[in-house]
Amino acid sequence: MARHCQASAGTRRAEGLPRIALVGNPNCGKTTIYNLLTGTHQTVGNWPGVTVERRSGSARLGDEKIEVIDLPGIYSLLGGGGEDQAVARHFLRDEEVELIVQVLDASTLERQLLLTAELVELQRPLLLILNMVDEAEDRGQRVDPQALSLQLGVPVVPMVARKGKGLRELRMALRSALRSPSLPQRPAWPADLEAALHDFAAQIDGARGRFLAWQYLELPENTPQALLAARAAAAQHLQADSAEDLADLLPAARFTWAAQLAAQVIASGGKAGWRQHLTRHLDRWILHDWLGVPIFLAVLYLVFVVSFSGGNVFLDFFDQASAALLMHGFGHLLLLSGAPDWIVSSLAGGIGGGLNLVISFIPPIGLTFLFLAFLEDSGYMARAAYVMDRLMRRVGLPGNALVPMVIGFGCNVPAIMGARIIDDPRGRVLTVLMQPFMSCSARLTIYMAFAVVFFRGNGGQVVFLLYLTGIVMALFTAWLLGKTALRGEARPFVMELPPYRLPSLRSVVLQAWQRLRIFILRVGKVIAAIGFILFLLPGIGWTSQGLRATDIDHSLLAQGSEALVPVFAPMGIERDNWPAVAGLVAGAAAKEVVIGTLNGIYQRQAGGDLMAQYRQVDLLQELRDALATIPENAGKLFSSLGDPLGLGDLANRDASIAASGASSETLGSLAQSFTPLTALAYLLFVLLYVPCASTMGALRREVGWGWMLFSVGYGIGMAWAVATLVYQWGTYAAHPQATWLWTAGIAVALGILLLALRRQGRHQQNQLRFQEQG
Amino acid sequence: MEQREYTQELRTLGQLSRGARGIIHAVRGTSNEGKRLLVMGLRPGTAFTLLLGPDRRGVVLDSAGTRIALGREWLEQVQVRPLSSSGEG
C-alpha cells in the first residue's frame, strides 16, 4: 500500500510552481519524455542529447503549471560515473522537489530496478514511468505495471515515449501524484541488513539518514569522522554471519531484490522480435573488427557532405530573402522615416548585413544539427565510441571522449562541458583541451563563405577536409599532452549499447531546433555588439591632428590591423589585405564575427553610393527571385553528391572565382583579396586559433586558468604554424629558402614546447609522489 | 531460483568465444574498476552471453537484456565460469 505524504500543498516552490525531477539510467528515454512534457518551453542552458547539467522547463497539467527538471542519466546514487552523474546525485539527495519521476526502460527492467532500489531508500515521493514497453514486447516480455505499482507502492505509467503513447495517462498520473504524493515502500531486505541499516540510520541526522547509512556502509571512504564508530558497529553486525565483504554484500542485496521483483512483474514468453534481430545484424557490421572505423568515417562524411549539398539548395533563398528584408527593406524604412544616412548604413548595412550573412548559413547548419540529433537518438553514437576506443586509446583517451568531440561540431562550449561524462580526471582534462580544435558551427559560416567563392565545385569536400584537420589536431594535442604533461593510461572502456531505434521526427526536430536557437541567439547578440564597434572603428583614425574622422583605409581599424599584418605575412596575408587580420582579431570574441567584420569593411571599402540599395527597393521582386533559387539549386544537388574528394580548384584561382558566382560585395571582395591557397591557409588558421570568448570561459571553468591560458597560446601557435606551412609549401617554387627557414623555425619551436611539456609532466609526477609520501 | 550448470573451470573473458555464455566470477584490478562494472549491472554472479568478440576492441556482452561493450583491457581482468550449453542462462 502506498503511504501518503502530509505536505502536498505546502511544499511548493517560492516561484509557486511544483517541481518534478526526471531521473533514470542513460538511454532510458528520459529526455524524450522531458521534450514531450515541456515542448518548446525549455530553458536553453544545456546541449540536448547529452545532458551533463540539469535543465528545466515548464509543463501544463490541465490548468496547472509545473516545473520539470531533466537530470543527467545516472546508474547509481552511491557513486561512479563522471561529473555529470554527480550533478544528478547531488540534486536527488539534497534539493527540494515535490516528485521524483524515474524513467525505466521496460526492456531491461531488472537492471533499471537497481536504481529504483536506491531511490526507494531516499524516501521521497516517487512515480515510475515504464518506458519502451514496445521494445520489451519485442523481446518477448510483458511487464505488468499494476503488479509493479503494488509491490513498490507508487504509481507506474506504461509509455512508448518515442511515439507519444501514454502521455495523457502520464499527465493525469502526475497531477494525481502531486496532489497526493506517495512514498515508496521499502524492499524487504534480509533481516540482519535491515537491522544494521535501522540502527545506523538512527544515529545520522536529517531526513536522508537511512540512505546515508547505506552509502557509508558500502563506501566507507565517504563516512564522516563522527560516524566512524557507528559504521564500524553496523559493519561488525552485518559481517558476523558472513564472510562476504560489505562492498559485495550490499550490492548483492540490491541485485537479488531487483531480480526477484523483475521475475514477479515480467511475464516472459515468445521469441525475440525484429528489433532484436536488426540490432544483432547491424552490430555485426557496425562493430566489425575491420569495417567499424571506415563505416564511422563514412557516416561522418555523409553527414557533412549531405548537409552542405542539401543546405546549398536553400542557402541562396535565405541569403537573398534576408538581404531583401533586413538590409534593403529595413534600410528603405529607415530612409522613409527620415533617419540620416549614417544611421541607415550602420543599422541596415552593418547590423542587417551581418545578420544576413549569418542567416544565409542556417540551412546547412540546421541540416547538420538534424543529422547529429538523428545519430544520437538512433543508438549509433555509443557504437561509434566503442568502435573508436582502440584508436582513441592510442592517444591516451577512452572511446567515450568521442561523444564530446562530436558535440563540438555544433559548439565547443557544450562539448567542453560534455567531457564531464569521462570519469577519469586525466582523460577529462585531455578531452577538454581537444575541444577547441573541433570545428564548430560558427566556423562553418566562415568556411562556407570562402567555399562559395573559392571551392564552389567541391565545397563539401573542402569543408570535410577542414573538419578532418580539426580532428587530427585534437588527437595530436591529446597524444602530445598524454606523452608529456599529462602522462597516464586511459581507463578501460565500458559503455551500454542501446538498441537501434528509429528516432521520432518530433524529438530530432526539437533537438536540432534547440541547437539552432542557441546558435541564432548567440550570434544575434554578438552581431549587435560588434556592429556598433565596426561602425565606430572604421570611421576614426590617428592623424597629425590627433584622433579624427577618416576614411576606412586610414582608420583605427586599418592602422591596428596593418600593424599586425607582418605577423601573418608568412601565411600569405598581404599588407593590403588588412581586413583579413581585422576579422581574425574580432573573431577571438566569437568566430561568427569574422565574416561580419569582413562584411562591414568591404562594404565601406567598396565606396560608391552605398545608399542607392536603400532608395530603390522592389521587395516583392527580390523575394520572388529568392524563391526561384530553390528549384534551380535543387537541380544541382545530386551532381555534387557523387563528386569524390577533389581539390582541383585549389590551384586555379580564375576558375574558382568564375565558378563562385559570388552574389554579395563581401564574397566578391574575398575573391579579390585571397588566392585559393591563401584562403585555405586562412581557413586553417580560423579552424585552429583561439576559441571564442565563451569557449575560453568554459575552459577556465572546467580545467582552470592555467590550462585555459595554455589552450589559447597553444591554439594560436598551432594555427599560425599550420597555416604558414601550408602557404610556404604551396608556394615553395617562388621562395624555397624562405620555406625551409620557416619550416625549421616551426620545428625548433615545437621541440621547445615538447621539452617544456615534458618538464611540466615530470614536475607534476614528482608533486604527486611527494603528496603520496606525505 | 534459476538453474545453471557451469563448469568449475575459471577462465578469463578473453578465453571465451563468440556466443559463449558464462557467469562473472571476479573482477581483478582496483576496487574502482569493479565498481565501474557494478553500476553497469555486472558483478560476481551475473550471467551473460558473449555477443561479439573477443577481438582487437574487446567484447560486447548481453546481460539481462542489456548490451554492454567492454574494451580489451577487461579481457584479462574479468574472470568467468563458462556455462555449459544445456544450462539456463
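Just so you know, all these numbers are worked out from the coordinates, no wet-lab data involved. Computed from a prediction, not measured in an experiment: that's the story for all the values here. Positions of Cβ are backbone-derived with ideal geometry, glycine not excepted, and every protein chain shown enters the neighbour counts.
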Only residues of segment A:121-140 count here: report those whose backbone N is under 17 Å from the spot 7 Å along Cα→Cβ of A:Gln264, or say none. A:121, A:128
Assuming a strict under-29 Å limit between Cα atoms, what lysine pair count do you get for chain A once near-sequence pairs (fewer than 8 apart, same chain) are dropped? 9
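I need the peptides A:284-293, B:43-52, A:192-201 ranked by packing, meaning the mean over residues of other C-beta atoms within 10 angstrom, with the highest value on top. Provide the component values of the computation, followed by the final result.
On the way: A:284-293: 15.7, B:43-52: 20.1, A:192-201: 18.3.
Most protected by this proxy first, the peptides run B:43-52, A:192-201, A:284-293.
Got a sec? How would A:Cys692, A:Cys440 order by Cβ neighbour count within 10 Å, fewest to most?
Fewest-to-most ranking of A:Cys692, A:Cys440: A:Cys692, A:Cys440.
Calculate, in nm to one decimal, what A:Leu755 and A:Leu556 gain on full extension: separation in residues at 0.36 nm each, minus their alpha carbon distance.
Details: separation 199, 0.36 × 199 = 71.64 nm, distance 4.00 nm.
Gain on extension, A:Leu755 to A:Leu556, equals 67.6 nm.
May I ask you to compute the full-extension gain from A:Gln236 to A:Ala195, defined as 0.36 nm times their residue separation minus their alpha-carbon distance, rounded to one decimal in nm? Before the final figure, lay out the partial values.
On the way: separation 41, 0.36 × 41 = 14.76 nm, distance 1.21 nm.
Taking 0.36 nm per residue and subtracting the Cα distance, the gain is 13.5 nm.
Please report, in debye to the nearest 20, how large the charge dipole of segment A:191-268 is about its Cα centre when each Lys and Arg carries +1 at its beta carbon and each Asp and Glu carries -1 there. Can you show the working numbers first?
Numbers: 4 positive and 10 negative charges, 60 e Å.
Dipole size: approximately 280 debye.
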How high is the FRET efficiency from B:Leu10 to A:Ser58, r the C-beta distance, R0 51 Å, rounded to 0.05? 0.40
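With the cut-off at 20 Å, report for segment A:191-268 the share of all Cα pairs above it, as a whole percent. Please list the in-between numbers first.
Working: 1029 of 3003 pairs.
In whole percent, the long-distance tail amounts to 34.
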For chain A, what percent of Cα pairs sit more than 49 Å apart? 27 percent
Modelling each spin label as a point 7 Å along the Cα-to-Cβ direction, I'd like the A:Gln767/A:Leu391 distance in nm, to one decimal. 3.4 nm
Does segment B:12-82 classify as rounded, prolate or oblate by the C-alpha gyration tensor (a ≥ b ≥ c root eigenvalues; a/c under 1.5 gives rounded; else a/b over b/c gives prolate, otherwise oblate)? rounded
When a footprinting reagent is the concern and you count Cβ atoms within 10 Å, what order do B:Lys35, A:Lys591, A:Lys65 take, fewest first? A:Lys65, B:Lys35, A:Lys591
Integer Hz, Karplus 6.51/-1.76/1.60 couplings in order for segment A:115-125, x for Gly and Pro: 6, 4, 4, 7, 4, 4, 6, 6, 6, 10, x
Please report B:His25, A:His763 as a ranked list, fewest other C-beta atoms within 10 angstrom at the top and most at the bottom. A:His763, B:His25
Using only atoms on other chains, find how many Cβ atoms lie within 10 Å of each Cβ of peptide B:30-42 and report the average. 6
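Ranked highest first by average number of other Cβ atoms within 10 Å, how do A:277-283, A:54-60, A:428-434 line up?
Numbers: A:277-283: 15.9, A:54-60: 18.0, A:428-434: 26.6.
Descending packing order for the listed peptides: A:428-434, A:54-60, A:277-283.
Can you run the Rg to Rh ratio on segment A:672-711? Use alpha carbon positions and the Kirkwood inverse-distance Rh.
Values: Rg = 14.3 Å, Rh = 11.7 Å.
Result for segment A:672-711 is an Rg/Rh of 1.22.
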Sum up the charges of everything whose Cβ sits under 12 Å from the Cβ of A:Pro425, counting Lys and Arg as +1 and Asp and Glu as -1, but leave A:Pro425 out. 0
How far apart, in nm, are two points set 7 Å out from the Cα along the Cα-to-Cβ line at A:Trp290 and at A:Tyr732? 3.4 nm
Charges only on Cβ, +1 for Lys and Arg, -1 for Asp and Glu: so what's the dipole of the protein assembly as shown about the Cα centre, in debye to the nearest 20? 680 debye
Full extension from A:Leu333 to A:Ala202: what is 0.36 nm times the residue separation minus their Cα-Cα distance, to one decimal in nm? 39.8 nm
Once each part is reduced to its C-alpha centroid, what is the distance from segment A:101-177 to segment A:373-451 in angstrom? 32 Å
What average number of partner chain Cβ atoms lie no more than 10 Å from the Cβ of the residues making up A:385-391? 4
Please give me the summed charge of the neighbours of A:Leu326: other residues whose Cβ is under 14 Å from its Cβ, Lys and Arg +1, Asp and Glu -1. -2
Could you work out how far apart the two model spin labels at A:Leu228 and A:Leu468 are, taking each label as a point 7 Å from the Cα in the direction of the beta carbon, and quote it in nm? 5.9 nm
